[in-house]
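Data block below; observations after.
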Amino acid sequence: MTRSLYSKFVLGYLIFGLLGFITIATFSSRITRDFLIRDHSEALYDEANAIAASCSQMYEGKHQDLTAFSAQLKSLGAYLRAEIWVADNQGSIFMDSRDGGRSQTVIPNFDPTASGSRSYTIGNYYGLFDEDVLTVSSPVTGNYTTYGYVIIHLPLNQISQSQRGILDILYITSAAVFGLSMIILLVFTQTVYLPLRKITVGAKEYAAGHLDYRIQVNTHDEMGYLADTLNYMSDELNKMEEYQKNFIANVSHDFRSPLTSIKGYLEAVLDGTIPPDMYEKYLSRVISETERLHKLTESMLTLNSLDAKGYLTRTNFDINRVIKDTAASFEGTCGQKNISFDLTFSDTIQMVYADMGKIQQVLYNLIDNAIKFSHNDSMIYIQAAGQYEKVFVSVKDTGIGIPKDSLKKIWERFYKTDLSRGKDKKGTGLGLSIVKEILQAHGENIDVISTEGVGTEFIFSLPRSTAL
C-alpha cells in the first residue's frame, strides 16, 4: 500500500514523540535519581559532620547538655525526615532521634569503612530497616582519637518522591513542547501538503488532457511559484495544441489544392479527356503544382530547422553586397512586370555580424513579397543605414498594401490575407514566419508599416561587426 508524503510525515512525527518520551522516561529517570542521591548524601554528610563536631566537644573537656542535645537531635531528624544515630566504635547506639527507640541496639558486623571511597551506602543497613535507606556517617573525634560515629539514615522513598515530582514536571514540560510542536505540523499542512495536493491534482488533470484546469495556489513561495509554472506550462501546451490543430488544417488545405490539380490532370491524360496535342500544356501545369508542393515542403523544413537552437553560423560580411546580389537574382521576375530597384546605402561598405545565408533568405523573402504585391511599372526601394551599433535595412514597395486588421497576423504560419490569396494563390503563407524566426534567432527585430492601396515597408536590424 502506497503511503502519501503527509502520512509519512505524521507517522515520523508520532514516532519521534514516542521515542522522545521513552528516552526521557529511561534516561532522565536514572539521571534524576543519581543526582538526587548525590545531592541528599552531600547534604546529610554536612549535617553529620556538624553533629559530630558538636559531640566532639564532650571529649575536649567542654560541658555538653545531653538533654538539650537529644532534643536538637530529634528536631533535626524530624526536619530532615531522617533517622539520626550516635554510636560508639563497637556499633552500640547510645543516642538517636526517635526518643531512644534505638538506644542500646548493637549494629551487627558494624564496619564504618564499608562505604569505601563513597560518602554514602544504600541498603537496609545490616538488616536494621525494612526498606532501603541512604546512609551517611561521620566520625566523632577528640584529642586525635575516634570515639564513635554519627550515622544518618534517609529512606529512599523520600528521594523517590522528589524524583517523581521532578519527572512529573519534566513530563508535563515535554508534553507541552510536543503539543506546541504540533504548530509545525499545522504549518506544514497549510504551506506544503495542501498546496502540493492541489498541484498533484492539477498534474493529473493535465495528464488526462484537461489543459484548461487551473491550480489555485496563491502563495508567494516555492509552492506558489511551482503552481504558477505549471499553470503557465498548461497554457503553453494548450496554445501548442491549438497551433498543431491549425498547423495540420493549414497544411492539409495547402497540400490538398495542388494534389487535387495534379491528380485531375493526370487522370484526364490517362482517360483521354485531354488530347495528345494538349499534353505539354497540362503537364506543365502538373510541374507547376509540383514546384508549389516542393516550395511548401522546403518552407516547412526551414521552419523546423529554425525551431532548433544553435543553428546559426555567424560571420562578418558586407550587407550592401548581399543586398545587391539578392536583388540581382530577381532580374528575370522584375523584367516580366517592369519593376525596378532603388538601392540606397549610407556607406560604401557596411559590415554586420550574422549568419549570411539566413540573412540572404530574409532579403529574398521580403523582396519576393514586394514583387508579388507590387503593380507593373513600379519601383521597390531598398535602403541600408548604420546607426550606433546597428545596421537598419528597409524593403519598401508601392503595391497593394496590407489591411490594418491583418498587420498583427502576417507573422503567423500559413496566414494569408484575402488580398494575398487573390493576388498570389501559390503562396505558402510561410515566408514572413521564416523571416521573423531568423531575425529573432539573431536577437533582432522587424517592423512593418503598411497602408492599404499605398504600399508596405519592412524594416529590420542587424548587429554591426566589431572586427577591425
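The values are calculated or read from the model by the stated rules, or taken from the named source; none is laboratory data. All of these numbers come straight from a predicted model, not from anything done at the bench. In this analysis, Cβ positions are derived from the backbone assuming ideal geometry, glycine residues included, and neighbour counts consider all displayed protein chains. Side chains are part of the model used for accessible areas, which takes the heavy atoms of the whole protein and leaves out ligands, DNA and RNA. Shrake-Rupley method; radii C 1.70, N 1.55, O 1.52, S 1.80 Å.
Listed values, structure above:
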item	result
Alpha-carbon centroid distance for the pair region 320-386 / region 4-45, whole angstrom	88 Å
Solvent-accessible area per residue for region 158-248 (1.4 angstrom probe, square angstrom)	69 Å²
List His375, His294, His153, ordered by accessible area with a 1.4 Å probe, largest first	His294, His375, His153
Carbon plus sulfur fraction of accessible area for region 150-265, probe 1.4 Å, in percent	65 percent
Accessible surface, 1.4 Å probe, highest first, among residues Lys324, Lys358, Lys204	Lys204, Lys324, Lys358
Per-residue [θ]222 nm for the chain (sum of -39500 (n - 2.57) over DSSP H runs n ≥ 4, rounded to 500)	-17000 deg cm²/dmol
Efficiency of FRET between Val187 and Ile24 - r from beta-carbon atoms, R0 30 angstrom, step 0.05	0.75
Region 3-125 - accessible surface per residue (Å², probe 1.4 Å)	62 Å²
Listed peptides 213-225, 389-401 by packing density, highest first (mean Cβ within 10 Å)	389-401, 213-225
Set of region 15-33 residues, backbone N closer than 12 Å to the point 7 Å along the Cα-Cβ line of Ile166	28-33
Links that overshoot a 18 Å alpha carbon limit, given the list Lys239/Lys404; Lys337/Lys436; Lys337/Lys372; Lys295/Lys372; Lys204/Lys245; Lys372/Lys396	Lys239/Lys404; Lys337/Lys436; Lys204/Lys245
Solvent-accessible heavy-atom area per residue, rounded to whole Å², over region 358-402 at 1.4 Å	43 Å²
Accessible surface of Lys245 - all protein chains present, 1.4 Å probe, nearest 10 Å²	110 Å²
Heavy-atom accessible surface of region 56-139: percent carbon and sulfur, 1.4 Å	46 percent
